[in-house]
Each structure stands twice: as structure tokens, then as C-alpha cells.
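The values are calculated or read from the model by the stated rules, or taken from the named source; none is laboratory data. As the structure is a prediction and not an experimental result, all values here were calculated from the model. Neighbour counts are summed over all protein chains in view; Cβ atoms, including those assigned to glycine, are modelled from backbone coordinates with ideal geometry.
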Amino acid sequence: MEAAMPISPEKGTCPNVNRIKEFRTHHPLRMSLINLIRRTDAMRYYYDFINSQWYSHEHIQEIQFQNLKRLLTHAYNNVPYYRRTFNAHGLQVENIKDFIDFKKVPYLDKNIIKTNYADMFASNMKQFKPHPKSTGGSTGNPLLFYIDKKAHSMQWAYIYRAWNIGGWTPGEKVVVIGGTSLFSKTTAIRKWAYATINNWILFSAFDMSDDNMAAWVVKIRKFKARYMYTYANSVYVFADYIERKAINDITFDAIFTTSEVLTDKIRKKAEQVFSCKVYDEYGGSDGAGFAFECEMQKLHVVLENCVFEITNEDSSTLAPGEEGEICTTDLFNYGMPFIRYKTGDISSFSESPCSCGRGLPLLTNIKGRVSDYCTNKDGERVNYTFFDHMFKTHDWIHQFYVVQESHSKITIYFKTTKEYPLKELNSIRAMIQQKFSGFEVNIKMTNETPKTISGKHKYVINKTLEP
Ligand SMILES: [Zn+2]
């Protein structure tokens, strides 16, 4: 069952090898504690990933395919949904001899998972020590899924590798501005313990008022972190505040952005205000799929743990330069495998290689995740994650979208799957009213949901921004 990766590096060396040695001297206890509290084993894979990024593309693909065959064999033998689907399509794992054959496996999406939910679990899933995860994801439609300890460990290992490119070494201090996708919903004390052990200082992206950011500045000065991990729009709002207040002593060595599209405008402002480079990341929230920026600020796809495809409507794989939907297969998630999972995010592979020498292919920028936002009377930008966070715990909400009609009126539209409890609806209204003080707040039920040009669900329509 153990992965065949990685094998010794074929070419290249890790540019930060001395710093890694430094970490081994200084932070092993901290990293052991992080692994313990998170129930992962990230450091075990981190060093493998530091090396494997320099393997040739062909070598990485060989390792990938070996791991893919293991996953497919496991899925057929242990997961009822895959056994049924493979049989229905006349697919035999032994006849899948390359990535072209692999395209014969039907794709998966959230609706297929929900329809076949009870059959998605491996009969032997317990042995993979799965953790439950829930997401509102990119459709506003919550899904409970499970991620194996090994797959979860690898996710953190490649996040650490991505940060290492900006100079961070494991255990170093990080300022984190985010929501539940960056730090899980838990009690305040657990969150504090988690942050302290990680050497993070946490600030909420849901409350970026000037008063709060003034307090953050004081804390950041004291904390002396050289790195920041944040949503793209959050760093923009914070940079804007720092600039408006003419504060010139808050700088970083690198900023890592995630979860939202990093626009050129945001990157330029953050780099200028905080006097450092910004490195963007892409991570599919429902499954595997991760991309990170290198020193050239080009977006490389992580392939060591994942088959990453760009597909069109009928799920054929598209050529570099052609835009389509990102479709991923986590090669190490055995408890509840997602094979050829359509993420709902839009991108394309780049036609040109990167000069950094990594064997991992390049994406163009991620399309279709530009976060639309509403603005309240305090001028605070409220993006879809605020609503997504609030709605994802209500199972009757199938989908939602928000329309800011004017500077004093907001309407929330819900597409429901069943009867809604009036009490919950009133509580939602009260929370929105609190954020949008002085607004007329309307809640309406609908059967229609608006889409973007690329077919993605549109969460927020701000009519005050329309020309
Ligand atoms: Zn590169």
C-alpha cells in the first residue's frame, strides 16, 4: 500500500537545503506537536516533496501512474460505487495502461457523490484513519467527505513546500488572515492552542474594520512574523488600511495568498505596501488539487499526489492553452476516493514551460473564482465566504446567491432542498442584519441560480458596482 514515491532526485537540488538543516536543529519539537494536534504526519512527506519537485516531468508521471493503478485497484475491490461503475462501463483496471486509458473512467461531481453517497466509502476505510471534512465548496452546497491521514499529511507537506519557496522554513512565525478554510471552526481555546503551536497569529477575514486592523498592527509589531498567509481580498483590504494610515514599519519577507483569485491589482498593492513578493496558491477545497507559485511567480501543479486534468463538458482532457474545468484525483485518499472529481474551478495548462526547472507543469491563472463582494455602511467589503460560512451548516440550503440592490438594500436568494425551519431563517436574517446595519434585508426562495459565463455559480451580484 505504501507509495512508490519519491525516488532519488534526477536533477536539481533544493535551493533552501541549508535552511532545512537549520530547521532540523531548531524546530523539531514544534513540528512534532503540530503533527500531533492536527493528527497528520506532514513533515515525513515535506522532505520528499522538497526533492521531488525537481524530478523530470516524465519521472513524476511514472510515479503518478504507479500510484494511480494502486488507487484504481483499491477502489474497484473495496468501494461499491466504483465497482458498479467500472462494471457498467466494461472497465478493467488491468486494461488501464496509461493516462489516455484512464480518461475512460467516468468523471465524478458533487451531485454524483450525493446520489451515491452510501456507496462512496471503502469497506476497509477505517485503516486509513480518515478525518471528516465539510465544505460549502464552490457551489454553496455542503458536502461531508473524508480525507485519509496520509492524504491530509501530504496536503500540509505541499503547502509547507510552497511556503518554503518564499523563504519560510517549518516552524517559523506566520500572520494568518482568513476564515474557516484556513483555520477550522472550533472553540476559542483550541484555536488559540493550534495557532500557538503552529507559531501563527490569527486574524479573522470576516471582521476587517479599521479598529480591528489597528489592533492587528500592534500585535504584528510585537509578534515579529516575517510571513503572511491570507485570502487575496483580505491582504488587499489590509494593505489598503496600512497605506491609508501611512504605516511604514509593517513589512514581510513573503506573502502567501490562497482561496480567492489573486488579481494583478491585489498583488501589486500587497507587494508595494509590504515590500515583498506575493506567492499565490490554488487549492481545491473538496478534494485534492493544488498549485503553487515558484520563484518566477508561475503557477505549478502538484502532481506527486494527484492526477490533475483540465476537462471540457464531456470530460475529455483539453490541450494546453484550452480553458476548461479542473478535474482531480487524489492518489492517496483511499477511505472515500474521489476519482476524476470535477472541482468547478476554471483554468488551463500553460503552453510554455517554466525557466525554474521544476518538473511540475504550469497553469495559467485560475478563472472563475474572482470573489464578488457586497459593501456595508462601514465600507467593509463582505465577500461570498461570509455567506458561505454562515449557510453551510443549514442542510436545507441547496444553493444561494446574494444581490446587493443598492447602498441600503440586500436580498438573499435560497434554493432549498426541503422545508426550512423559520427559527433558522430568522437567525440568518439577524446575522445579516448585524453585518449590514441600516440595510433592508430581504430573504427570498428561488428555483433559479445565476451563473457566470464559464458556468459557475454566481454567489454575489453587486448592482452598486455595475456601470
Ligand atoms: Zn517555475
Is there a residue in region 256-267 that is modelled with pLDDT of 90 or more, within 30 Å of F338 (Cβ to Cβ) and either within 16 Å of the ligand (Cβ to nearest atom) or more than 23 Å from the chain's Cα centre (by Cα) (or both)? yes
Which one of K277, K222 is touching an Asp or Glu at 6+ places or on another chain (Cβ under 9 Å) and surrounded by fewer than 20 Cβ atoms within 10 Å (Cβ to Cβ)? K277
For the condition modelled with pLDDT under 95 and farther than 18 Å from E58 by Cα, what is the one hit in E304, E313, E309, E293? E313
In the list R30, R83, which residue meets the criterion of being at pLDDT 95 or above, outside any loop (DSSP other than H, G, I, E, B) and of a type in the set (K, R)? R83
Can you find a residue that is more than 16 Å from the ligand (Cβ to nearest atom) and under 19 Å from G167 (Cβ atoms) anywhere in region 279-298? no
Output for region 332-361, where each listed residue is within 15 Å of the ligand (Cβ to nearest atom) and touching a Pro at 6+ places or on another chain (Cβ under 7 Å): F349, S350, E351
Can you pull out the strands (runs of 3 or more DSSP E) entirely within region 263-355 that have at least 3 residues that are under 28 Å from P130 (Cα atoms)? 277-283, 290-293, 306-311, 324-330, 341-347
